[in-house]
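First up is the structure itself, then whatever we jot down about it.
What follows is calculated from the coordinates using simple rules that are stated; it is not laboratory data. For clarity, every value in this text was computed on a predicted model and none was experimentally measured. Positions of Cβ are backbone-derived with ideal geometry, glycine not excepted, and every protein chain shown enters the neighbour counts.
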Amino acid sequence: MYARDAAGNRSARSATVAVTTDEGGTTPGVGCSVGYRVVNQWSGGFQGEITIRNTGTTKIDGWTLGFAFANGQTVTNMWGGTPTQTGGSVKVAPASYTSTIAANGSVTVGFTGSQSGTNAAPAAFTLSGATCAAAA
């Protein structure tokens, strides 16, 4: 992720954000990690990429990804999934070709978005209702 100052100068790239779940919950064999990164950024817009990894021992079918933007960002187009957004809250349903995530497999969705000012990464993600906490 990059930031821009008032003169339009771009900062050094920020690190990729990764989150992971605690498999100690009520569903054995289920776990996830989510990587979020800004691939490119320009005045008023950006391109992002989200990689969802199934860290569990069973496949995941028909997932829903949830996250929230804190700085007014809006998803304008997505491939690999279908977004719905209310305010900063975003839900992503999978495309037919990304709906199953094999055990120890992953899928990636990409998107373009609009933004003004700060373009902070989402702080947390959920996958089919399970909270994915930020990895240390």
Does the range 42-56 contain any residue that is surrounded by fewer than 18 Cβ atoms within 10 Å (Cβ to Cβ) and free of Cβ contacts under 8 Å to residues at least 40 places away in the same chain? yes
Could you please give the count of residues in the range 86-107 that are in a strand (DSSP E or B) and surrounded by fewer than 17 Cβ atoms within 10 Å (Cβ to Cβ)? 6
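What about residue 83, is it touching a residue at least 24 places away in the same chain (Cβ under 8 Å), buried (at least 16 other Cβ atoms within 10 Å of the Cβ), more than 15 Å from residue 32 (Cβ to Cβ) and not hydrophobic (A, V, I, L, M, F, W, C)?
Details: touching a residue at least 24 places away in the same chain (Cβ under 8 Å): yes; buried (at least 16 other Cβ atoms within 10 Å of the Cβ): yes; more than 15 Å from residue 32 (Cβ to Cβ): yes; not hydrophobic (A, V, I, L, M, F, W, C): yes.
Yes: the conditions hold for residue 83.
Determine which member of the set 64, 98 is of a type in the set (Ser, Thr, Tyr) and within 17 Å of residue 131 (Cα to Cα). Walk me through it before giving the result.
Values: 98 fails: within 17 Å of residue 131 (Cα to Cα).
Among 64, 98, only 64 is of a type in the set (Ser, Thr, Tyr) and within 17 Å of residue 131 (Cα to Cα).
In the range 58-77, what count of residues is obtained for those that are assigned to a strand (DSSP E or B) and closer than 13 Å to residue 46 by Cβ?
Total meeting the criteria: 4.
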Taking the range 31-41 as the search range and keeping residues that are assigned to a strand (DSSP E or B) and in contact (Cβ under 8 Å) with a residue 24 or more places away in the chain, which one is surrounded by the fewest Cβ atoms within 10 Å (Cβ to Cβ)? 39
